[in-house]
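K.L.:
Handing you a structure now.
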Amino acid sequence: MIYGFLGAGNMASAIIRGMVKGGFKGEEISVYNTTIAKSEALSKECGVDVCLSQKELIEKADVLVLSVKPQVLDKIADNIKIDLGGKKKLIISIAVGKTLEYLENALGNEQSIVRVMPNINAKVLASCSGFCTNKNVSAEEKAVVENIFSSVGSITEIPESQFSIFGVVAGSSPAFAYLYIDSLARAAVKAGMPKEKALRIAAHTVLGSAKMVMESAEHPWELVDMVCSPGGTTIEGICSLETNGFESTIHQAFDAVLAKDKLIQSGK
């Protein structure tokens, strides 16, 4: 099976690297990018096949991954459909905001189409990706999608109606987490610890805390209670966070991102 990537930007490159690290062979992956240097760099690093045109890529690929920016997809969708020539393929789109309906209208409603939303942590093989499919996608094709994206982290099927919510939880929230880690480290700097050391400690602590939530049987608030001793130091910090609206601030940030996403999708 040949996996064809139309576009070799940061996300596509991260996915390709993850696939190769996860056991896919470089010769199973074909890439076309308008800037040939990016494709050639991936070929040198991962052994992928470099295509010299979009048409060549589409003809070779059994699985076509649309990894171009949404505004670029708008410009080239008609040509993609022409190059498909009515041949059915498994088409995977990671273009932000492009719905299954849009993709079917652009590429043909007879195609097996999957919409995937990975996140930036794919660069370190820790993406949390979500996907949805049109009615043409078989169980075997879903397995192909899961196999590709599990090489760069986790992947979960979700209804398309929840894609905007997923986009906040998995797509935007890494930025929230980065900000929290940096803020914690800066507070440690203020208290006298060197920034590099504080940042490393804060990041490892958040990583371990996430692992606890994923692997323990306890609810997050039960874990909070485990850390908070009666009359101790941690409960003082928790009370300060609650007094200053930590939880409501997160909710407001979530709502702001979701509102902006809906505004963009409405074309305003």
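The values are calculated or read from the model by the stated rules, or taken from the named source; none is laboratory data. Treat the numbers as computed from the prediction; the structure is a model and nothing was measured. Note that we place each Cβ from the backbone using ideal geometry, even for glycine, and neighbour counts take in every protein chain shown.
K.L.:
What about VAL189, is it under 21 Å from PHE254 (Cα atoms) and assigned by TED's automatic domain parsing to the domain that holds GLY237?
P.N.:
no
K.L.:
Continuing with this model, one more query. When you go through (1) in contact with a helix residue (DSSP H, G or I) (Cβ under 8 Å, 6 or more places away or on another chain); (2) modelled with pLDDT of 95 or more; (3) surrounded by 12 or more Cβ atoms within 10 Å (Cβ to Cβ) one by one for PRO220, which number turns out not to apply?
P.N.:
Tallying (1) in contact with a helix residue (DSSP H, G or I) (Cβ under 8 Å, 6 or more places away or on another chain); (2) modelled with pLDDT of 95 or more; (3) surrounded by 12 or more Cβ atoms within 10 Å (Cβ to Cβ), PRO220 fails exactly one: (3).
K.L.:
Any residue that is among the β-branched types (Val, Ile, Thr), at pLDDT 95 or above and closer than 21 Å to GLY7 by Cβ - is there at least one of those in the stretch 155-168?
P.N.:
The answer is yes; a qualifying residue exists.
K.L.:
Scan the helices (runs of 4 or more DSSP H) fully inside the stretch 155-268 and keep the ones with 1 or more residues being over 30 Å from ALA143 (Cβ atoms).
P.N.:
By residue number, 173-191, 195-215, 220-227, 234-243, 246-265.
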